Amino acid sequence: MAKIFDISKIDLEGIELAIYVRRRVRTGYAILVAIVLAIVFYAAYYTNFNLAELERGSPHIWKLLGRMFPPDLEPLSEISGPLVETLQMALVGTTLPIPIAMFLAFYAATSTRRIHWLGNLVRVALNTLRTIPELLWAMILVSAVGLGTFPGTLALTLHSTGSMGKFFYETIEAVDEGILEAMKSTGANRLQIFFFGILPTILPNIMSVVLLYWDYNNRSATVLGLVGAGGIGFILTSAIAEFEYQQAITVLGVIVIILTVIDRTSAAARSRII
Amino acid sequence: MARRVGSSTFEVAGGCAVSEQNAGSRKPKIIVDHLTKSYDGHIIAVDDINLSIDKGEYCILFGPSGVGKSTLMRHINYLIKPTKGDIVIDGKRLGEMKTKELLKQRSRIGMIFQEFNLVNRMSVIMNVMCGRLHYLNAWRSLTFSFTRDDHERAIDCLRRAGLHEEELYFRRADTLSGGQKQRVAIARMLIQEPEIILADEPIAALDVKNQHMILELIGDIARRDNITIVMTLHHLELAKKYASRIIGLSEGKVAFDGPGESLDEAAINRVFKMEDGKVVGTT
Ligand SMILES: Nc1ncnc2c1ncn2[C@@H]1O[C@H](COP(=O)(O)OP(=O)(O)OP(=O)(O)O)[C@@H](O)[C@H]1O
Ligand SMILES: [Mg+2]
């Protein structure tokens with residue numbers, strides 16, 4: 001809150017000034033909170049979010065749940081193919097972006113880039129890749145290259161490249177300037193400075209974020225089937241579309257179990273790195 | 001690399017105020033030639049400074065905080081590029097060098113820092129071998145593989161820097177004490193076989209005992225190979241003890257330049273812009 005008001009224009013001194021400024025800042029925060037709350041209530045009202053509606057709808061929800069039980073285990077026999085497919089999409093969609101994002105981050109980070117405008121261009125590109133959700137990428141790519149796992153994997157790759165790239169260049173920029181100076185002063189070239197000064201320093205952060213995105217991409221990969229981009233999501237959607245709720249709950253159960261295992265694995269690995 | 005503005009002939013550079021000290025056949029090692037550096041166009045950190053430093057001199061820069069000592073020093077290996085003027089080393093202008101030449105020049109200038117600036121997650125010996133990066137080819141760089149010769153040199157330099165316990169060499173750099181870290185940094189600088197050593201507050205983060213030991217060490221190293229030293233130091237007592245020449249900066253300009261003995265209270269007051277206030281060794 002540095003420039004909100006000009007201290008030199010206030011006709012107070014010492015402790016009086018300090019108390020006055022404190023009060024002004026506090027009032028500022030109070031107003032900010034009030035505004036945010038007002039916006040949230042407004043949004044809730046216009047999206048028809050009300051608890052009464054939930055109450056009225058609850059019998060239907062119970063009925064739907066009732067129709068899901070007992071689960072029909074039949075899909076289990078045909079689920080393994082799409083399941084493995086989903087995991088593979090996530091794996092490729094996480095590993096392929098690593099070198100691409102790293103390469104782009106090298107040109108984007110203020111501490112490693114040499115051409116200013118190129119760096120800004122790369123940043124804009126990364127941000128665009130990141131801003132478009134993978135489901136949207138999948139929709140676009142399915143219409144471009146057809147149904148299947150290829151557009152799905154590509155969608156994950158594009159979105160992850162944007163997200164990882166942004167994270168990578170921010171991490172590179174956070175590397176202590178002194179280390180770069182020390183490397184530079186030995187007569188090392190830019191690539192050597194990157195490999196010997198920056199990479200070892202940021203490696204734990206990178207591994208942690210990659211694991212996070214692996215987890216995230218597994219979750220994303222399960223819904224890509226909704227738009228025909230391969231994976232287990234397709235089986236789930238067709239079960240629901242055909243009102244086979246007892247089959248749907250089985251598929252859903254498998255998805256939850258697999259994702260939980262992956263989530264735990266990723267979390268355990270990350271806690272070991274940091 | 002663009003050619004820098006500034007006096008274009010060598011005569012002008014050599015003809016600066018200090019050059020009468022080294023008249024005759026001796027060529028200065030470092031010439032600071034009308035060096036000016038301004039940040040954002042208005043903060044002038046270094047203001048038209050001229051200096052001539054001979055081979056083997058032990059120069060200490062002092063002056064109030066923010067006066068431009070670090071900025072001046074970082075011009076000598078072109079970590080910072082001048083706004084105007086240039087640095088001349090062994091008669092060659094850094095501003096006229098191509099990137100490759102500049103890297104070669106840098107490889108012969110060792111540098112140590114207040115905060116040591118080691119790569120924390122790398123082993124001690126790897127940190128030292130980073131001083132050889134200039135000689136490491138692209139393939140070896142990509143695979144992080146230094147040569148056997150690099151390893152031998154590194155161990156030799158660690159010993160010369162006073163680290164004899166071999167157990168230390170393979171530990172991660174961030175597990176060392178401050179004094180040990182600075183010795184590793186000195187070893188990294190030694191492996192460069194430097195002709196010039198730049199040291200920016202090399203002892204500010206150390207305790208009194210280590211301060212003396214590190215300054216002794218740097219002095220011994222420099223004397224053995226006749227290395228030129230440019231160092232910034234806040235402790236004037238230590239500066240007087242070790243330096244052969246002391247340069248005081250005030251508001252981006254040279255306000256004192258002479259041997260340690262001639263640095264009296266009046267000169268210190270002039271540099272720190274104090275009337276007859278208390279003079280302390282540190283700011
Ligand atoms: N990257 C930068 N951008 C803008 N201004 C800078 C930058 N680096 C240094 N300066 C300014 O240049 C001036 C000189 O800084 P410098 O670090 O050289 O001082 P110093 O004499 O080394 O001080 P100290 O004794 O505190 O280390 C200061 O006013 C500083 O704020
Ligand atoms: Mg400084």
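The values are calculated or read from the model by the stated rules, or taken from the named source; none is laboratory data. All of these numbers come straight from a predicted model, not from anything done at the bench. Backbone-built Cβ (ideal geometry, glycine too); neighbour counts: all protein chains shown. Protein only, heavy atoms only, side chains kept; ligands, DNA and RNA dropped before computing areas. Shrake-Rupley method; radii C 1.70, N 1.55, O 1.52, S 1.80 Å.
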Self-check item: Residue list for the range B:219-278, filter: touching a residue at least 12 places away in the same chain (Cβ under 8 Å) and among the small types (Gly, Ala, Ser)
Solution: B:Gly219, B:Ala222, B:Ala239, B:Ala243, B:Ser244, B:Gly248, B:Ser250, B:Gly252, B:Ala255, B:Gly258, B:Gly260, B:Ala267
Exercise. Have a look at B:Glu193, B:Glu201 and point out the one that is touching a strand residue (DSSP E or B) at 6+ places or on another chain (Cβ under 7 Å), on the phi > 0 side of the Ramachandran plot and touching a residue at least 40 places away in the same chain (Cβ under 8 Å).
Key: B:Glu201
Quiz item: Among B:Lys92, B:Lys98, B:Lys29, which is the only one that is in contact with a strand residue (DSSP E or B) (Cβ under 8 Å, 6 or more places away or on another chain) and more than 9 Å from every other protein chain (Cβ to nearest Cβ)?
Solution: B:Lys29
Practice problem: For A:Phe194, indicate whether it is closer than 27 Å to A:Trp137 by Cα, in the same structural domain as A:Glu177 (by TED's automatic domain parsing) and among the aromatic types (Phe, Trp, Tyr). | Solution: no
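Residue by residue, here is whether (1) within 16 Å of ligand 1 (Cβ to nearest atom); (2) more than 14 Å from chain A (Cβ to nearest Cβ); (3) modelled with pLDDT under 95; (4) touching a Leu at 6+ places or on another chain (Cβ under 9 Å) holds:
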| site | (1), (2), (3), (4) |
| --- | --- |
| B:Thr36 | yes, yes, yes, no |
| B:Val46 | yes, yes, yes, yes |
| B:Asn50 | no, yes, yes, yes |
| B:Ser65 | yes, yes, yes, no |
Exercise. Working only within the range B:133-146, note down all residues that are under 22 Å from the mean Cα position of the chain (by Cα) and either open to solvent by less than 10 Å² (accessible area, probe 1.4 Å) or more than 8 Å from chain A (Cβ to nearest Cβ) (or both).
Key: B:Leu133, B:Tyr135
Practice problem: Being away from ligand 1 (no atom under 16 Å from the Cβ), without any contact (Cβ under 8 Å) to a residue 24 or more places away in the chain and surrounded by fewer than 23 Cβ atoms within 10 Å (Cβ to Cβ) narrows it down to one of B:Asp90, B:Asp149, so name that one. | Solution: B:Asp149
Quiz item: Based on what the data block shows, is B:Gly95 more than 16 Å from ligand 2 (Cβ to nearest atom), crowded, with 22+ Cβ neighbours inside 10 Å and over 17 Å from the mean Cα position of the chain (by Cα)?
Solution: no
Quiz item: In the set A:Leu156, A:Leu203, A:Leu211, which member is closer than 30 Å to A:Tyr107 by Cα and within 9 Å of another protein chain (Cβ to nearest Cβ)?
Solution: A:Leu203
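Every residue, every condition in (1) part of a strand (DSSP E or B); (2) out of contact with any helix residue (DSSP H, G or I) (no Cβ under 9 Å at 6 or more places or on another chain); (3) among the small types (Gly, Ala, Ser); (4) surrounded by 22 or more Cβ atoms within 10 Å (Cβ to Cβ), yes or no:
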| position | (1), (2), (3), (4) |
| --- | --- |
| B:Met231 | yes, no, no, yes |
| B:His234 | no, yes, no, no |
| B:Glu237 | no, yes, no, no |
| B:Lys240 | no, no, no, no |
| B:Gly248 | yes, no, yes, yes |
| B:Phe256 | yes, no, no, no |
| B:Glu261 | no, no, no, no |
| B:Ala266 | no, yes, yes, no |
| B:Asn269 | no, yes, no, no |
Exercise. Considering each of B:Ser141, B:Ser145 in turn, give the residue that is part of a loop (DSSP other than H, G, I, E, B), more than 27 Å from B:Leu61 (Cα to Cα) and more than 16 Å from ligand 2 (Cβ to nearest atom).
Key: B:Ser145
Quiz prompt | Failed condition for B:Asp54, given (1) more than 14 Å from every other protein chain (Cβ to nearest Cβ); (2) within 16 Å of ligand 1 (Cβ to nearest atom) | solution = (2)
Quiz item: Can you name every residue in the range B:67-87 that is within 13 Å of chain A (Cβ to nearest Cβ), open to solvent by less than 10 Å² (accessible area, probe 1.4 Å) and within 14 Å of ligand 1 (Cβ to nearest atom)?
Solution: B:Met73, B:His75, B:Ile76
Quiz item: Going by the conditions given, is B:Ser107 touching a residue at least 24 places away in the same chain (Cβ under 8 Å), more than 16 Å from ligand 1 (Cβ to nearest atom) and over 20 Å from the mean Cα position of the chain (by Cα)?
Solution: no
